[in-house]
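Here is the structure we will look at.
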Amino acid sequence: DTGAQAALSDGAYFFSGGLGGLGLLTARLLVEGGAQKLVLSSRSDRVVAGSESDWVWLAECGTNVRRVRSDASDDGSVRATLCALCGDGLRLSGIFHAAHALADALLANQHALNFRATYGPKVHGAAALHAASWHAPLRWFNVFSSSAGLVGSPGQAPHSAANSWLDGIV
């Protein structure tokens, strides 16, 4: 549909956790739908193992794909990154939040630092992206959650709790 392609070609799309599997897959789907400007962010600026072919496809597809280093769990980093993008003349049309971290352990072995490590990118990242982009006329603000928030996953209490919070903010 040319209307959908025209809509996607207008503006830029920002991805937290953009160099992981979900971020790269979503970016590819947007490009195939007509998106012209993508900004993929990650803490490490490294493509996650197993997703290299998706990155190669994006890098060679002829679309304006930019990589930036930004820690979703750090409010200041998120604000600075989005401000810099707007200062470069990009108009954000959508945000895709896929940043996450796992801290697996049986419940008896979980501790506050595990929850902090897991909440950082997923929970604080979503809140920071929301706060930093409230003024932008976004078409989309998408977050990647998991059914773990509803049904749980063995050894992943922090992941389940973070996804429940994410479901709540949405």
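The values are calculated or read from the model by the stated rules, or taken from the named source; none is laboratory data. This is a predicted model, so every value here is computed, not measured. Ideal geometry is used to build each Cβ from the backbone, glycine not excepted, and the neighbour counts take in all protein chains shown. For the accessible areas, the whole protein counts, side chains as well, though only heavy atoms, and no ligand, DNA or RNA atoms are used. Shrake-Rupley method; radii C 1.70, N 1.55, O 1.52, S 1.80 Å.
Could you go through the range 14-26 and let me know if any residue there is in a loop (DSSP other than H, G, I, E, B) and at pLDDT below 95. No, there is no match, as no residue in the range 14-26 is in a loop (DSSP other than H, G, I, E, B) and at pLDDT below 95. Where strands (runs of 3 or more DSSP E) fall entirely within the range 54-170, none has at least 2 residues that are open to solvent by less than 60 Å² (accessible area, probe 1.4 Å), in contact (Cβ under 8 Å) with a residue 12 or more places away in the chain and among the charged types (D, E, K, R).
Of the residues making up the range 90-135, those that are among the basic types (K, R) and within 24 Å of A157 (Cα to Cα) are R116, K122.
Among the residues here, T118 does not qualify as out of contact with any helix residue (DSSP H, G or I) (no Cβ under 9 Å at 6 or more places or on another chain) and hydroxyl-bearing (S, T, Y).
In the condition set (1) in contact with a strand residue (DSSP E or B) (Cβ under 7 Å, 6 or more places away or on another chain); (2) within 23 Å of G21 (Cβ to Cβ), L138 is compliant with all but (2).
Suppose we filter the range 33-53 for residues that are part of a loop (DSSP other than H, G, I, E, B), among the polar types (S, T, N, Q) and out of contact with any Gly (no Cβ under 8 Å at 6 or more places or on another chain); how many remain?
Selection size over the range 33-53: 2.
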